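Reading through the structure tokens given below for one structure.
The values are calculated or read from the model by the stated rules, or taken from the named source; none is laboratory data. Given the structure is predicted, the values throughout are model-derived calculations rather than measurements. Note: ideal-geometry Cβ built from the backbone for every residue, glycine included; neighbour counts use all protein chains shown. Quick note on the areas: whole protein, heavy atoms, side chains included, nothing else; ligands and nucleic acids left out. Shrake-Rupley method; radii C 1.70, N 1.55, O 1.52, S 1.80 Å.
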Amino acid sequence: MTAKHIFPRLPFGIYIHWPYCLSKCPYCDFFSKVQKTVEQEKIIDGYLNELDFYHRIYPMEKVGSIFFGGGTPSLLKPELIEKIINHIDKLWGINNNAEISLEANPNTDNGTLFRSLKNAGINRLSLGVQALNETDLKFLGRTHNLKQALKSIENVLQTFDNHSMDLIYARPHQHTENWIKELNTAASFGFKHLSLYQLTIEDGTVFARKGIKTPDEKETTEMFIQTENFMEKNGYIHYEISNYAHPGFESRHNLLYWQGDNYVGIGPAAHGRLKTKEKIYASEYCCRLEELSPEERAEELLITGLRLKKGINKKHFQKQCGISLNRIISAEKLKEISALGLLRENKKTLRLTSGGFLLMNKIIEELIC
């Protein structure tokens, strides 16, 4: 494939997956490896080769975002992170205002880590705290305590201008009232972005094997509603089902996924989506490309796009998959669900209401023809 086949002018990002962790959290069903010592330099050389491959496939766009996720990418040596960023810049070029994010855990904070990461080129730090009390930190299998979490929070806020924190709610025996108190503490720190995930018990996890139960549906529904109300009263925009941000601090990289734009995935368990002038590709580790049909991509775009508060832009949807949104959804079901107040449609967009968010998966199943 040569450059003339490339369809230019699309947002473009790169995801770097570092799969290694110091321990496996009992709720986690992501691909990760518990391995305290690895040959980081050798692995990163392989990542650079992957980047070279994708540059040959897709050479024309400058990079607008880079995201180091995992696993625990804060275990990576900062000089190797800098090496990856420099290689990306050498291949594609990085926009001057690019968002370069990294996920970090408090248990990797040695007091100088965040400054070193910033010097390496990271300009947005996402801190995986998950809970703000000792009991739930232990329950969630986190290897940091509250004191470490609070110190890391302080270090992140002092070091970065763009920052995010992750919390998990709907824990067993948790009630809306004590969750909102915890959320009030979280909001008081001043993070520009908060990712708030409902705990789900996934097959194959330690929690599933132990038979852990989350609060009932009535309680979790109330938690979701009160979370949205609280966050918006405190200046955060609810822009994606689990994500809240101060205006202008939405995760630009994650928006690539939800809006269906182009991105490359590097490393184990990473995947990507690339639209060229002629074809749509799904990419997998290591340097494997699979062509997607317009219908397959359209279903993906429906699933990810309805996660956004603003919903699906119909014109952008058709640009990304080549077919209209109305072609893949049931007009009858659309009418029925809209009449229930769960969907809103106009000439430009299709979006879920706040009530629709609570039934998102079911609504998507009903909509797809």
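Show me the GluC sites (Glu not before Pro) within the range 246-304 that DSSP assigns to loop and that have at most 16 other Cβ atoms within 10 Å of their Cβ. Let's see the in-between values first.
On the way: sites: E250, E278, E284, E290, E291, E295, E296, E299, E300; in loops: E250, E278.
Qualifying residues, ordered by number: E278.
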The range 169-244 - percent relative contact order, Cα under 8 Å, separation 6 or more
45
Can you list the residues, at least 5 places off or on another chain, whose amide H is less than 5 Å from the amide H of H271, using H built in the peptide plane?
none
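Tell me, what % of the accessible area of the range 1-124 is carbon and sulfur with a 1.4 angstrom probe?
Numbers: 2820 of 5610 Å².
Reported share for carbon and sulfur atoms: 50 percent.
Assign one of three labels to the range 1-123, namely rounded, prolate or oblate, based on the Cα gyration tensor with a ≥ b ≥ c the square roots of its eigenvalues; rounded applies when a/c is under 1.5, prolate when it is not and a/b is larger than b/c, and oblate otherwise. Don't skip to the answer; put the middle values down first.
On the way: a/c = 2.07, a/b = 1.70, b/c = 1.22.
Judged from the Cα gyration tensor, the range 1-123 comes out prolate (a/c at least 1.5, a/b above b/c).
Might you tell me the accessible area per residue for the chain, computed with a 1.4 Å probe and given in Å²? Each step should come with its number before you reach the end.
On the way: 17320 Å² over 369 residues.
Ligands and nucleic acids excluded, the figure is 47 Å² per residue.
What's the long-distance tail for the range 182-322, i.e. % of Cα pairs beyond 23 Å? Walk me through the numbers before you get to the answer.
Details: 5094 of 9870 pairs.
The share of Cα pairs beyond 23 Å in the range 182-322 comes to 52 percent.
How many percent of the accessible area of the range 217-369 is carbon or sulfur, using a 1.4 Å probe? Please report the intermediate quantities before stating the final value.
Details: 3730 of 7480 Å².
Ligands and nucleic acids excluded, carbon and sulfur give 50 percent.
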q = 0.16, 0.20, 0.22, 0.26 Å⁻¹: log10 I(q)/I(0) that the Debye formula gives for the range 59-123, counting C-alpha atoms only:
-0.51, -0.76, -0.89, -1.16
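Viscosity 0.692 mPa s, temperature 37 °C: Stokes-Einstein D of the chain from its Kirkwood Cα radius, in µm² per second?
Values: Rh = 21.7 Å.
The estimated diffusion coefficient comes to 151 µm²/s.
Net charge around K181, counting only other residues with Cβ within less than 14 Å of its Cβ (Lys, Arg = +1; Asp, Glu = -1)? Each step should come with its number before you reach the end.
Working: positive: R171; negative: D136, E177, E182.
Neighbour charge sum, excluding K181 itself: -2.
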In nanometres, the difference between 0.36 nm per residue of separation and the alpha-carbon distance of N96 and T221 is 40.8 nm
If packing is taken as the average count of other Cβ atoms within 10 Å, what order do 175-182, 106-113, 237-244 fall into, highest mean first?
237-244, 106-113, 175-182
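Stretch S23-D52 to full length: gain in nm at 0.36 nm per residue minus the Cα-Cα span?
Working: separation 29, 0.36 × 29 = 10.44 nm, distance 3.17 nm.
Taking 0.36 nm per residue and subtracting the Cα distance, the gain is 7.3 nm.
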What is the calculated FRET efficiency for N86 to Q40, with r their C-beta to C-beta distance and R₀ = 25 Å, to the nearest 0.05?
0.95
Simple spin-label estimate for T353/E336, 7 Å along Cα→Cβ, in nm, reads 1.8
Note on the range 234-282: contact order normalised by length, alpha-carbon pairs under 8 Å, 6 or more apart, percent, works out to 18
State whether the range 284-369 is rounded, prolate or oblate according to the following rule on the C-alpha gyration tensor (a ≥ b ≥ c being the square roots of its eigenvalues): a/c under 1.5 gives rounded; otherwise a/b larger than b/c gives prolate, and the remaining case gives oblate.
prolate
Return the distance in nm (one decimal) between the two label points of a simple spin-label model at N133 and E295, each offset 7 Å from Cα along Cα→Cβ.
5.1
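Please report the orientation-averaged projected area of the range 222-299, defined via the convex hull of its C-alpha atoms, in nm². The partial results should precede the final answer.
Values: hull surface 28.7 nm².
With every direction weighted equally, the projected area is 7.2 nm².
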A student applying the Cα gyration tensor rule (rounded when a/c is under 1.5; otherwise prolate if a/b is larger than b/c, oblate if not) would label the range 158-230 oblate
Full-extension gain between K147 and F30, please, as 0.36 nm times their residue separation minus the C-alpha to C-alpha distance.
39.4 nm
Cα principal axis extents for the range 121-210, largest first, Å
40, 30, 21
Just to confirm the filter: which trypsin sites (Lys or Arg not before Pro) across the range 206-292 are DSSP coil and have at most 12 other Cβ within 10 angstrom of their Cβ?
K213, K277
